[in-house]
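Participant: Mind looking over this structure? Questions follow.
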Amino acid sequence: LPSVLCLGDCQLQTPCQIQKCTTDFVSLTSHLNSALEGFDLEFCKALRAYSACTYRNSKACRGNLVYHSAVLGISDLMSQRNCSKDGPTSSTNPEMTHDSCNYSGHTEAREHQGGEKSPSLTYLFCGLFGDPHLRTFKDHFQTCKVEGAWPLIDNNYLSVQVTNVPVVPGSSATATNKITIIFKSYRDCTDQKVYQAVTDDLPAAFVDGTTSGGDGNTKSLRIVEKVSGNYVEMHAKYIGTTVYIRQLGRYLTLAIRMPQELVMAYEESQDLQLCVNGCPSSERIDDSGHLPLPVRGQLLPQGGAAHPWSAYTLETATTKCHEKMLLKDIYFYSCVFDLLTTGDANFTAAAYSALRDVEALHPRKEHWHIFPSSGSDSVCKDGKFFVGLGLVCLMLLAVL
């Protein structure tokens, strides 16, 4: 009977589906992060799928203003992202878009199938640089000694260990000269992969010589060399984790972004993790975020050098760090501390790069900058110079 009655323009009976096209596009792109590798590829695939959907609805939606706006918007976005009109498209079937070796897709599939909303889409950041300065997954900022080998991360999916050595004689400050990372085997996504970097040897491959993990074109784990011998990135799609490692001067820095759900997946015996619980109190150099400027056994004249081996004074160190970092947050003060401690200008670049890595990987912009806990100007106490939120204290004190 319906076929007999359909004597005229039958497509008028088909409703315009532009809203579904738009909803599918949002679903395909909402988990993407423009700061991470592969964004443009996935975004273009989603745009082509969006375009194909609008084409299928061109007759039913020909009088719909929202439809025409969407078509123009797609064209603009494809031009902005240099997307070709021909190429692979993302599947708009929710059941098909979820790859078991794609952490974001896996968690979304779990929710789509009626599971409770997972906290796993909350990402956390940890970073280590300089003398060394540690930013924990809880956004606590500490400066520690931690000489020797220490675990940064040790959970069911990933282990990261750093080795720190003394920077200058007579100082408790250390810096990182070795990083070992173990990506633990996970289902069919990857076998165990070990990565190791040491000073002057920052490879673009795992210890076994491979540059990726996973079968075929999956590439659920891969290494990307950004600057030969100085900067590599590791992207572990199956656990939603990104790692940056740099060499600046003689020492290494590390930044990592990892889902909260996986960060907390560890046994009680694995509780010694600097990224999770911070440094033991006996290893702390700072005092609640305040950094003691190095002064040893003598009065520090205004403009005088902190150590015989340091080429910097308080004034010149401040000026040097201010060239790279205009905002006087904890990264700026870490830079001043490192210059006065070591006299090595590479630590300025380390502090600056650490802040840039935060901006690339930390999920919450309002937390990028950390300031010392005290809201007052800098203070001196216990006979030591402390860097606070305001001007550096210039009182002249002798250290016992």
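The values are calculated or read from the model by the stated rules, or taken from the named source; none is laboratory data. Predicted, not measured: the structure shown is a model, and the values here were computed from it. We place every Cβ from the backbone using ideal geometry, glycine too, and count neighbours over all the protein chains shown. The protein model used for the area step is the full one, side chains on, heavy atoms only, and it has no ligands, DNA or RNA in it. Shrake-Rupley method; radii C 1.70, N 1.55, O 1.52, S 1.80 Å.
Participant: Which residues, taken from region 338-392, are assigned to a loop (DSSP other than H, G, I, E, B), of a type in the set (S, T, N, Q) and modelled with pLDDT of 60 or more?
Facilitator: Ser373
Participant: Identify, by number, the condition in (1) farther than 30 Å from Ala360 by Cα; (2) modelled with pLDDT of 90 or more that Ala46 doesn't meet.
Facilitator: In the conditions (1) farther than 30 Å from Ala360 by Cα; (2) modelled with pLDDT of 90 or more, Ala46 misses (1) alone.
Participant: Related question: Collect the residues in region 245-285 that are open to solvent by 10 Å² or more (accessible area, probe 1.4 Å), over 14 Å from Leu152 (Cα atoms) and part of a strand (DSSP E or B), keeping them in residue-number order.
Facilitator: The answer is Arg246, Gln247, Leu248, Tyr251, Arg284.
Participant: Which one of the conditions (1) at pLDDT below 90; (2) part of a loop (DSSP other than H, G, I, E, B) does Gly229 fail to meet, given that it meets all the rest?
Facilitator: (1)
Participant: What tally of residues in region 310-337 results from selecting those that are within 24 Å of the chain's Cα centre (by Cα), crowded, with 16+ Cβ neighbours inside 10 Å and in a loop (DSSP other than H, G, I, E, B)?
Facilitator: Matching residues across region 310-337 total 3.
Participant: I'd like to verify a number: residues in region 49-74 that are open to solvent by 20 Å² or more (accessible area, probe 1.4 Å), assigned to a helix (DSSP H, G or I) and touching a Leu at 6+ places or on another chain (Cβ under 9 Å), how many?
Facilitator: Residues in region 49-74 being open to solvent by 20 Å² or more (accessible area, probe 1.4 Å), assigned to a helix (DSSP H, G or I) and touching a Leu at 6+ places or on another chain (Cβ under 9 Å): 1 in total.
Participant: Note down all Cβ pairs under 7 Å where the first residue falls in region 61-90 and is over 15 Å from Asp24 (Cβ atoms), the second is among the hydroxyl-bearing types (Ser, Thr, Tyr) and open to solvent by 80 Å² or more (accessible area, probe 1.4 Å), and they're at least six residues apart or on different chains.
Facilitator: No pair meets every condition.
So that you can scan it fast, the table gives a plain yes or no per residue for (1) within 15 Å of Ala46 (Cβ to Cβ); (2) modelled with pLDDT of 90 or more:
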position	(1), (2)
Leu77	yes, yes
Lys85	yes, no
Ser91	yes, no
Pro94	yes, no
His98	yes, no
Ser104	yes, no
Thr107	no, no
His112	no, no
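Participant: Show the residue pairs that are 6+ apart or on different chains and have beta-carbon atoms under 6 Å apart, the first residue being within region 188-208 and under 23 Å from Ala175 (Cβ atoms) and modelled with pLDDT under 95, the second being surrounded by 13 or more Cβ atoms within 10 Å (Cβ to Cβ) and among the aliphatic types (A, V, I, L, M).
Facilitator: none
Participant: Between residues in region 17-30 that are assigned to a helix (DSSP H, G or I) and residues that are open to solvent by 80 Å² or more (accessible area, probe 1.4 Å), which pairs lie under 7 Å by C-beta distance while being six or more apart or on different chains?
Facilitator: Ile18/Val66
Participant: Right, something else. Considering every residue within region 244-256, establish whether at least one is of a type in the set (Ser, Thr, Tyr), in contact with a His (Cβ under 9 Å, 6 or more places away or on another chain) and closer than 19 Å to Tyr195 by Cα.
Facilitator: No.
Participant: Next question. Restricting the search to region 221-244, which residues are open to solvent by 10 Å² or more (accessible area, probe 1.4 Å) and free of Cβ contacts under 8 Å to residues at least 40 places away in the same chain?
Facilitator: Arg222, Ile223, Glu225, Lys226, Val227, Ser228, Gly229, Asn230, Tyr231
Participant: For region 123-166, which positions are β-branched (Val, Ile, Thr), more than 23 Å from Lys184 (Cβ to Cβ) and either surrounded by fewer than 22 Cβ atoms within 10 Å (Cβ to Cβ) or at pLDDT 95 or above (or both)?
Facilitator: Passing the criteria: only Val165.
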